[in-house]
Each structure stands twice: as structure tokens, then as C-alpha cells.
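Reviewing the structure listed below.
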Amino acid sequence: MGSIALFGEAEKGDFEAAYVCQSLEELSSYLGEPPKGEARGLFFAIQMLMYSHGVIFFRVHEEGFSQKDYIRGLQFLENKQLFPEIIALCLPGVGNKDIFDKSAAICQLHNSLLIITEKDLYDYLTDH
């Protein structure tokens, strides 16, 4: 099975780094607990691991708003030699058109799906 690339907040771990996780233990060891509030990245990572998918997690300062963190992580994903089997890209909290546009190019490159929430889709569609 391929891997899911995810972006989200976490209590620990470096920014501008890709954390490759195959188990809940690795995820917890690298990234710790989810922050208080509405951050959903680690929630989705746990779900993907429970369904036997690998996770490539990019820690961001603030889900949906740290555009620089998202763009840098998406630049990493442009390298198909480093990440050959990305089957989906998950961007909880993102409604920004620039990030979505860059994400669409990555999904096309990897022939993968984009996973977002209905709230994020609404934010994207109503962004002026």
C-alpha cells in the first residue's frame, strides 16, 4: 500500500521535515500529542495508520494558515524519487487557494487523491 502525505500541528518535531511513520508508536515518538483546539492533522494520521497506510507527516506552525510550511512540504513531495508511492494528500484546515493550487499539481504528479473536509472545501470555494 502507498503512503498518505499529511500536514498538521503537533507538540514536537521539526518544521520543514518529513516524518515517515508506519506505526502509532513512531507517530507518537516523532510528533507527540496533538495541540489543544481544532487541529486535525494527527487525528487523520492515526486513522490512516489504523487502515495500514504509511504516513508522511509535515509539521506546520498553524493548520491552515502557515502557508510557508505548506509550500515547503509540498516542494519536498515534488521529488518522486524520495516519495514514490503517495496515494493521497491530506490537508485538514486548509482553505487557501494558493496551497490548493500547489496541492493539485502534487496530486497530478503522483496520480493521488486530495483529502479535505467539507469546511475546508467551503472556505476554498468562497475565498475571494
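The values are calculated or read from the model by the stated rules, or taken from the named source; none is laboratory data. Quick caveat: nothing in here was measured; it's all calculated off a predicted structure. Counting neighbours? That spans all protein chains shown, and the Cβs are built from the backbone with ideal geometry, glycine included.
Across region 32-46, a minimum of one residue is classified as among the aromatic types (F, W, Y) and under 21 Å from N111 (Cα atoms). Does at least one position in region 55-62 carry a residue that is closer than 19 Å to L121 by Cβ and among the basic types (K, R)? Taking every residue of region 55-62 in turn, none turns out to be closer than 19 Å to L121 by Cβ and among the basic types (K, R).
Taking each residue of region 15-28 that is surrounded by 13 or more Cβ atoms within 10 Å (Cβ to Cβ) and among the hydroxyl-bearing types (S, T, Y) and looking for partners that are at pLDDT 95 or above and not in a loop (DSSP other than H, G, I, E, B) with beta-carbon atoms closer than 6 Å, six or more apart or interchain, yields Y19/Y30; Y19/F57. Could you figure out which of (1) in contact with a Ser or Thr (Cβ under 7 Å, 6 or more places away or on another chain); (2) not in a helix (DSSP H, G or I) isn't true of V20? V20 satisfies every listed condition except (1).
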